[in-house]
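For reference, the structure discussed in these notes is given below.
All of the numbers you see were taken from the coordinates with simple rules; none came from a lab. On a predicted model such as this, the values are computed, not experimentally measured, just so you know. With ideal geometry, Cβ positions are generated from the backbone for all residues, glycine too; neighbour counts draw on all protein chains shown.
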Amino acid sequence: MLNSFFKESIISRAIKKKLVDIEIINLRDFAKDKYKTVDDRPYGGGAGMVLRVDCIKDAIDNVKCNERIVLTSPRGRVYDQSIAQQYSKLDHLVLIAGHYEGVDERVTNYIDEEVSLGDFVMTGGEITAAAIVDSIVRLIPGVLKKTDATEKESFFEITINRLIDIIGENGLLEKLKKKGIKKVKLLEYPQYTRPEIYNKFSVPSVLLSGNHAEIEKWKIQKAFELTLQKRPDLLEQ
């Protein structure tokens, strides 16, 4: 699964440019029997199989550098862009993809944290691991052609003062400011491209004006409005 994913698109180009090195470690290489078994039935009974702590620990020890070790798990903190930015600054990151019913609880003695994609369950953590790698690699300098490609993301931060300067008096922003909150996270502003008019729906005139200062104000205004409408929880955070 992962080999195929990493051979495509931006990740593949980043590997070829030697901007990132990705090593996929097969847990079965650290099995203790000739059948390459890495899981077993849970003590105390219950459905499913549990990944063995000894196999995982041996795999971790085989990695040359363990700057940060992360286990994908539904009970971990929910992964977001701020975590992606933190991870992108690391020299080395180890991701352990959870599987089956889970991993032996003793694995938590050898990791730094657990992360989750959200409150839903998948058969394994491979997709989570792939998503984390994708989100990290694109943030590494030189991976994307345009240097500003990651500055205004689907989620981006802006200071409360900057928002107030653009939007004007706003009860919510004033309330957040009084709480000592200096920055908030916003959804990205709406995007448009050709044709200029389609089925009577037009591109906003400000985007055609060439006035970069006004365009920037419009983008932030719309980002704030979209966030209030679709993800007010981001502002509450």
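Which of the residue pairs K179/K217; K16/K146; K145/K185 have a Cα-Cα distance greater than 23 Å in the structure shown?
Details: K179/K217 25 Å; K16/K146 18 Å; K145/K185 25 Å.
Beyond 23 Å: K179/K217; K145/K185.
Placing unit charges on the Cβ atoms only, positive for Lys and Arg and negative for Asp and Glu, gives segment 2-137 a dipole magnitude near 440 debye about its Cα centre.
Each Cα pair under 8 Å and six or more residues apart adds its separation to the average, and for segment 2-137 the resulting relative contact order is 26 percent.
R0 = 30 Å: FRET efficiency of Q85 with R231, Cβ-based, nearest 0.05? Before the final figure, lay out each step's value.
Details: r = 19 Å, r/R0 = 0.62.
The pair Q85/R231 has a calculated efficiency of 0.95.
For the chain, the dipole from Cβ point charges (+1 on Lys and Arg, -1 on Asp and Glu) about the Cα centre works out to 660 debye, to the nearest 20.
Return the loop-located GluC sites (Glu not before Pro) in segment 177-237 (DSSP other than H, G, I, E, B) with at most 12 other Cβ atoms within 10 Å of their own Cβ; answer none if there are none.
Counting only loop positions with at most 12 other Cβ atoms within 10 Å, the GluC sites (Glu not before Pro) in segment 177-237 are E196.
For H92 and F201 in one chain, what is 0.36 nm times their gap in residues minus the Cα-Cα distance, to one decimal in nm?
Details: separation 109, 0.36 × 109 = 39.24 nm, distance 4.78 nm.
Using 0.36 nm per residue and subtracting the Cα-Cα distance, I get 34.5 nm.
Quick check on segment 2-137: take the gyration tensor over C-alpha atoms, sort the square-rooted eigenvalues as a ≥ b ≥ c, and tell me if it's rounded (a/c under 1.5), prolate or oblate.
On the way: a/c = 1.81, a/b = 1.47, b/c = 1.23.
Note, shape of segment 2-137 comes out prolate.
For the pair S9 and D165 in one chain, pulling the backbone fully straight at 0.36 nm per residue adds 52.2 nm over the alpha carbon distance. Out of V137, F156, I127, whose Cα points farthest toward the positive end of the dipole of segment 104-194 (charges: +1 Lys, Arg; -1 Asp, Glu; placed on Cβ)? Among V137, F156, I127, the one farthest towards the positive end of the dipole of segment 104-194 is F156.
Taking the Cα centre as origin and putting +1 on Lys and Arg beta-carbons and -1 on Asp and Glu beta-carbons, what dipole magnitude results for segment 155-236, to the nearest 20 debye? Kindly include the intermediate steps, with their values, before the conclusion.
Values: 15 positive and 11 negative charges, 48 e Å.
It comes to approximately 240 debye.
Candidates Q237, Y198, I83 compared by Cα position along the dipole of the chain: farthest toward the positive end lies Y198, with charges placed on Cβ. Taken one residue at a time, the phi angles of segment 98-103 give Karplus couplings (6.51, -1.76, 1.60, θ = phi - 60°) of x, 7, 6, 6, x, 10 Hz. Gly and Pro are set to x.
Rounded, prolate or oblate: which fits segment 31-109, taking a ≥ b ≥ c as square roots of the Cα gyration tensor eigenvalues, rounded meaning a/c under 1.5, else prolate when a/b beats b/c? Oblate is the answer for segment 31-109, as a/c is 1.5 or above yet b/c matches or exceeds a/b. Cut-off 19 Å, label point 7 angstrom out along Cα-to-Cβ of L208: give me the residues of segment 161-191 whose amide nitrogen falls inside. The answer is 190-191. In this simple spin-label approximation, R106 and Y192 carry label points 7 Å from Cα along the Cα→Cβ vector, and these lie 6.2 nm apart. Couplings 3J(HN,Hα) for segment 210-225, derived from phi with the Karplus relation 6.51 cos²θ - 1.76 cosθ + 1.60 (θ = phi - 60°), are x, 8, 5, 5, 5, 5, 5, 4, 4, 4, 5, 4, 5, 4, 5, 5 Hz, where x marks Gly and Pro.
Extension gain M122-K177, at 0.36 nm per residue separation less the Cα-Cα distance, in nm?
Full extension of this stretch gives 15.8 nm more.
Look at the alpha carbon pairs under 8 Å that are at least 6 residues apart: their mean separation over the length of segment 37-105 gives a relative contact order of 43 percent.
Rounded to the nearest 5, the antiparallel percentage of DSSP beta bridges internal to the chain is 50%.
Note that the chain carries a Kirkwood radius of 21.1 Å, evaluated over its alpha carbons pair by pair.
Projecting label points 7 angstrom from Cα along Cα→Cβ for D40 and K17 puts them 4.7 nm apart.
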